[in-house]
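The structure appears below as structure tokens.
The values are calculated or read from the model by the stated rules, or taken from the named source; none is laboratory data. Just so it is clear, the model here is predicted, and its values are computed rather than measured. With ideal geometry, Cβ positions are generated from the backbone for all residues, glycine too; neighbour counts draw on all protein chains shown. These area figures cover heavy atoms from the full protein model, side chains too; ligands, DNA and RNA do not enter into them. Shrake-Rupley method; radii C 1.70, N 1.55, O 1.52, S 1.80 Å.
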Amino acid sequence: MKKGKFKNFRKEILHNKGAFFSLVFLILIIFTSILIGFYDGDPDAINISNMLAKPSAQHWFGTDELGRDYLIRIIYGGRVSLTVGVLAMLTSIIIGTTAGISAGYFGGNIDSFIMRLSDIFSAVPWIIMVTVVSLLIKKGIFSIVLVIGMFSWMEIARLVRAETLTLKQRDYIQYADFIGTSPWEIMRSHIVPSVLPTIITAATTAVADAIMTESAMSFLGIGVQAPMASWGSLLQNAQANLDNAFHMAVIPGVLIILTICSFNNLGNVFRAVAEPGSRAGESNG
Amino acid sequence: MKDDVLISVKNLKKYFPVRRGILKEKKYIKAVDGVCIDIHKGETFGLVGESGCGKSTLGKCIIRMYDITSGEIYFKNKEIGKLKSSEIKSSRNNSMQIVFQDPYSALDPSWTVAKILSEPLIQKGASNKECMERGKYLLNKVGMTEMDMERRPYEFSGGQRQRIGIARALMSNPEFVVCDEPISALDVSVQAQVINLLKDLQEEFGLTYLFASHDLSIVRYMSDWIGVMYSGKIVESGYSDKVYKNPLHPYTKILLDAIPSIYSEKRKKDITISPENLDNFSNVYEGCPFAYSCEYAKEHCKEGKPLLQEVQSGHFVACFHY
């Protein structure tokens, strides 16, 4: 089945041009982020004699208001954005899957408690929650990851719970319970593999959402702290120079949009492969 | 005769609650309502009845896959009906097993056959090697090869999956196996193979079966003793031949008449089931559950519940006419 699904995935990618470019774009971004690790210059080195330079052969994207090379800043910013996106996705997947499977499998009061908790988390606008919590805890990249993960697990929990509820009625799960397999073992060995396609699909969307949230937080000044940059904080810094250096706002903005669209595109392909009922590309071309 | 009773069920009841709002009265579906049966060692107890009459529920209650509402279940003269589910799991030791109706839902699609077969034994603390050996042995017994150990359920047909399900049930060397309509999801040619396989295994391992099905001819072929179920109750039971040759309960007569025959005149009339019957699980009225569809029904049939009584030796019926 796994081989068959991989084949389907390849076929879908080759046929769907949007998805193909998304994949190429993401691979490009990820490779650039990794390769920049070999760059031995200091990305935060200030050069006051060369502030707000226009794009040139030496500085492709020009320099920022402190004379730092903007291309290098963008790539380092992308590194932070992607890292935060992936780690926050993992956090929310782990919380969401655990909560969803427990709620669906145990049912009753545990189910009510977890799902009401998720309702409460969903009811309060995330930007308020994220702002309050990030003001309370120590600033840093991992607290951002934690904060984003803590406030984005509800959707995944709901999806996983729904699937667990139907799986619970399957004979093989009831049989496992009948012969005395422990609930923990049933969840680990029977339920998790079965909900994996759902989780993978949700994960791609979760990465996109996390990058978006991180950018918004950094734009508001509660995200990564200077001199560290992310695409969101670069966008915020660019505000001051909108009149004379318009490209400084456009570049990180376009990169955020492209990255998010790419992750969402891939998510659609994953969904189409995992559930052949819904075809990829129908919702967003 | 009494000595070789493996399973004895006394007045077993299983009600499923139907929630209809918080303030409203709690209602129940009486899936199994006061069933008494004895199953003898090495024999097959055939359970027939229409869809939804409680056959599967009865089977799953006996092996304590479900908790029961009330009643007693004796397995080898030991009461197991009132044990808590944690106690039953440790004490059962998997001497009771089940073969499911739907071979597509009975096996985890992402597991290999080796892992599926090992599952019941691993729980008993067997080593991986023991599991593999017994798995290969039983896979051969059910007509498959060792090569199939590393394959996954989606690579097999329905009949092959059902064989894997049977092999899994036999892994823990059980004494009693509930066959919960094991053939109704299979096509006719495969049905025959699976039925013969079950018979052969019964002889070889000395198994006792509870064989539930709505296919009357197969139940007759399989069973030594038959129970006819209607609306959660046993309405007639007896030696297989006696029930088939001389059905006493009006419902059994209709059921046997409904077997399709190539001789059209043999089929006497169309069966009419009155609309009251659709609601018979909530048991809104007292009396014989079949009274509203029965052509012989008299007034008193709708008032009192008939009890199962022996009208001939080895032939019981629950009807006021006998």
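Out of the residues in region B:197-218 that are modelled with pLDDT of 90 or more, hydrophobic (A, V, I, L, M, F, W, C) and outside any strand (DSSP E or B), which is most open to solvent (accessible area, probe 1.4 Å)? The extreme case among them is B:205.
Limited to region A:60-73, what total is found for residues that are outside any loop (DSSP other than H, G, I, E, B) and either in contact with a Ser or Thr (Cβ under 8 Å, 6 or more places away or on another chain) or surrounded by fewer than 21 Cβ atoms within 10 Å (Cβ to Cβ) (or both)?
Here is the first cut: in region A:60-73, the residues outside any loop (DSSP other than H, G, I, E, B) are A:63, A:69-73.
Those left that are additionally either in contact with a Ser or Thr (Cβ under 8 Å, 6 or more places away or on another chain) or surrounded by fewer than 21 Cβ atoms within 10 Å (Cβ to Cβ) (or both): A:69-71.
Of the residues in that region, 3 qualify.
For region A:164-202, name all the residues that are of a type in the set (D, E, K, R) and free of Cβ contacts under 8 Å to residues at least 60 places away in the same chain. Steps first, please.
Taking region A:164-202 as the starting set, the residues that turn out to be of a type in the set (D, E, K, R) are A:168, A:170-171, A:177, A:185, A:188.
Across region A:164-202, the qualifying residues are A:170, A:171, A:177, A:185, A:188.
Only strands (runs of 3 or more DSSP E) whose full extent lies in region B:1-65 are considered here, and the ones with at least 3 residues that are modelled with pLDDT under 85 and touching a strand residue (DSSP E or B) at 6+ places or on another chain (Cβ under 8 Å) are B:27-40.
Can you pull out the residues in region B:111-163 that are of a type in the set (A, V, I, L, M) and open to solvent by 10 Å² or more (accessible area, probe 1.4 Å)?
Answer for region B:111-163, where residues must be of a type in the set (A, V, I, L, M) and open to solvent by 10 Å² or more (accessible area, probe 1.4 Å): B:121, B:122, B:126, B:132, B:144, B:147.
Taking residue A:79, is it open to solvent by 30 Å² or more (accessible area, probe 1.4 Å) and either within 26 Å of residue A:29 (Cβ to Cβ) or modelled with pLDDT of 95 or more (or both)? Here the answer is yes, as residue A:79 does meet what is asked.
Collect the residues in region B:96-110 that are more than 15 Å from residue B:166 (Cα to Cα) and open to solvent by less than 10 Å² (accessible area, probe 1.4 Å), keeping them in residue-number order.
Step one: of region B:96-110, the residues more than 15 Å from residue B:166 (Cα to Cα) are B:109-110.
None; the set is empty.
Scanning region B:110-133 for residues that are farther than 15 Å from residue B:170 by Cβ, in contact (Cβ under 8 Å) with a residue 12 or more places away in the chain and of a type in the set (Ser, Thr, Tyr) yields B:110, B:112. Could you please let me know if residue B:178 is open to solvent by less than 60 Å² (accessible area, probe 1.4 Å), under 19 Å from residue B:38 (Cβ atoms) and within 14 Å of another protein chain (Cβ to nearest Cβ)? When the stated conditions are applied, residue B:178 passes them.
Checked against the criterion of being closer than 30 Å to residue B:169 by Cα, among the basic types (Lys, Arg) and surrounded by fewer than 21 Cβ atoms within 10 Å (Cβ to Cβ), region A:115-129 has no qualifying residue. Applying the set (1) modelled with pLDDT under 85; (2) aliphatic (A, V, I, L, M); (3) crowded, with 21+ Cβ neighbours inside 10 Å to residue A:135 leaves exactly one unmet item: (3).
Take residue A:185 and tell me if it is at pLDDT 90 or above and within 14 Å of chain B (Cβ to nearest Cβ). So that I can check it myself, show each step before the final result.
On the way: at pLDDT 90 or above: yes; within 14 Å of chain B (Cβ to nearest Cβ): yes.
So residue A:185 fits the description; yes.
Only one entry in A:173, A:179 is under 30 Å from residue B:181 (Cβ atoms), open to solvent by less than 20 Å² (accessible area, probe 1.4 Å), modelled with pLDDT under 90 and within 12 Å of chain B (Cβ to nearest Cβ), namely A:179. Is there a residue being open to solvent by less than 60 Å² (accessible area, probe 1.4 Å), in a helix (DSSP H, G or I) and more than 30 Å from residue A:132 (Cβ to Cβ) anywhere in region A:236-247? Yes: one or more hits. Residues being open to solvent by 50 Å² or more (accessible area, probe 1.4 Å) and within 11 Å of chain B (Cβ to nearest Cβ): count how many of those fall in region A:194-208. The number of residues fulfilling the criteria is 1.
Looking only at residues in region A:141-170 that are within 14 Å of another protein chain (Cβ to nearest Cβ) and outside any helix (DSSP H, G or I), the one that is least open to solvent (accessible area, probe 1.4 Å) is A:170.
Is it true that some residue in region B:45-64 is more than 30 Å from residue B:309 (Cβ to Cβ), without any contact (Cβ under 8 Å) to a residue 60 or more places away in the chain and buried (at least 18 other Cβ atoms within 10 Å of the Cβ)? Don't jump to the end; show me each part of the working.
Let us first name the residues in region B:45-64 that are more than 30 Å from residue B:309 (Cβ to Cβ), namely none.
Within region B:45-64, none of the residues are more than 30 Å from residue B:309 (Cβ to Cβ), without any contact (Cβ under 8 Å) to a residue 60 or more places away in the chain and buried (at least 18 other Cβ atoms within 10 Å of the Cβ).
Answer yes or no: is there a residue in region A:14-21 that is touching a strand residue (DSSP E or B) at 6+ places or on another chain (Cβ under 9 Å), in a loop (DSSP other than H, G, I, E, B) and in contact (Cβ under 8 Å) with a residue 12 or more places away in the chain.
Our first condition is that a residue be touching a strand residue (DSSP E or B) at 6+ places or on another chain (Cβ under 9 Å); within region A:14-21, this holds for none.
There is no residue in region A:14-21 that is touching a strand residue (DSSP E or B) at 6+ places or on another chain (Cβ under 9 Å), in a loop (DSSP other than H, G, I, E, B) and in contact (Cβ under 8 Å) with a residue 12 or more places away in the chain.
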